[in-house]
Amino acid sequence: MNEIKIFEKEEFGKIRTVEIDGKPYFVASDVAKALGYVNDRDAISRHCRWVAKHDIPHPQSKTKTLEVNVIPKGDVVRLAASSELPTAEKFESWIFDDVIPSVLDNGGYIAGQEHISDDELLEKAVLVARRKIAERDKIIKQQKEQIEEQKPLVDFATHVSQSKDTIDMDEMAKIAQGEQINIGRNRLIKWLKEKRILKDNRTPYQTFIDRGYFDVVETKKETVYGTLVFPKTVITGKGQLWVIEKLRAEYC
């Protein structure tokens, strides 16, 4: 979702815009109302060719969005040309001569910039630039914090992805402990059973074998009664990463 920008002029009101693929788009209803159309939906339907749906931030909630119709520059011209408002030509001039060039050249529009001196405009532009730099620095800081937070899992994933070997439950428990997850072999097996990943006989359900997380191999053991063969569950590299992620979610 792109950042919404609001441009305001006293005689036309507010126009919301959003940049999509490097091009400015305008909220269609804002343009229609500014141009004096009583029925903005009808005007948009009759005069606009390139209407598109787009999500913009909800004004009352940071977690919600609004779906609006947006139009490109060409449809702004069509609405202006069909408007009966005497100031329609002035509106079009404001959009094309002031708003759009300012956005493309300066990265933002300063309300009233067409009526203030160059020195005042420069002062306001510096304030805008400082705010943009502060916002950028905040985003960079958040990204760095996220990278640091995810680094242990990324390092583990890299290590595991380079390994083609399977391991048993003892080794899996040791790996978990190395990842600061307090769990031993017996607790690990019990946990896997509780999650219905392993059956009572300690072999995995077929769905987890099909996903490539586990495998079952034959193990031989010499006894006084002869050689016994029994199944043994091993964990693949992909499975090790999957198990660690699930353990982290529950124990970390």
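Residue-by-condition table, conditions (1) out of contact with any Leu (no Cβ under 8 Å at 6 or more places or on another chain); (2) assigned by the TED database to the domain that holds residue 76; (3) without any contact (Cβ under 8 Å) to a residue 24 or more places away in the chain:
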| residue | (1), (2), (3) |
| --- | --- |
| 10 | yes, yes, yes |
| 15 | yes, yes, no |
| 23 | yes, yes, no |
| 32 | no, yes, no |
| 37 | no, yes, no |
| 42 | yes, yes, yes |
| 48 | no, yes, no |
| 53 | yes, yes, yes |
| 60 | yes, yes, yes |
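For the range 191-216, the candidate set comprises residues that are outside any helix (DSSP H, G or I), of a type in the set (A, V, I, L, M, F, W, C) and open to solvent by less than 50 Å² (accessible area, probe 1.4 Å); within that set, the residue that is farthest from residue 230 (Cα to Cα) is 197. Each residue in the range 173-190 was checked for being open to solvent by less than 40 Å² (accessible area, probe 1.4 Å) and modelled with pLDDT of 90 or more, and 5 pass. Modelled with pLDDT of 90 or more and open to solvent by 60 Å² or more (accessible area, probe 1.4 Å) - does that describe any residue in the range 19-35? Yes. The test for being outside any helix (DSSP H, G or I) and open to solvent by 20 Å² or more (accessible area, probe 1.4 Å) holds for residue 38. For the range 222-238, filtered to residues that are closer than 15 Å to residue 202 by Cβ and without any contact (Cβ under 8 Å) to a residue 60 or more places away in the chain, the residue that is surrounded by the most Cβ atoms within 10 Å (Cβ to Cβ) is 231.
The values are calculated or read from the model by the stated rules, or taken from the named source; none is laboratory data. Keep in mind it's a predicted model, so treat the numbers as computed, not measured. Glycine gets a Cβ as well: all are built from the backbone with ideal geometry, and neighbour counts include every protein chain shown. Please note that ligands, DNA and RNA were not included when accessible areas were found on the heavy atoms of the full protein model with its side chains. Shrake-Rupley method; radii C 1.70, N 1.55, O 1.52, S 1.80 Å.
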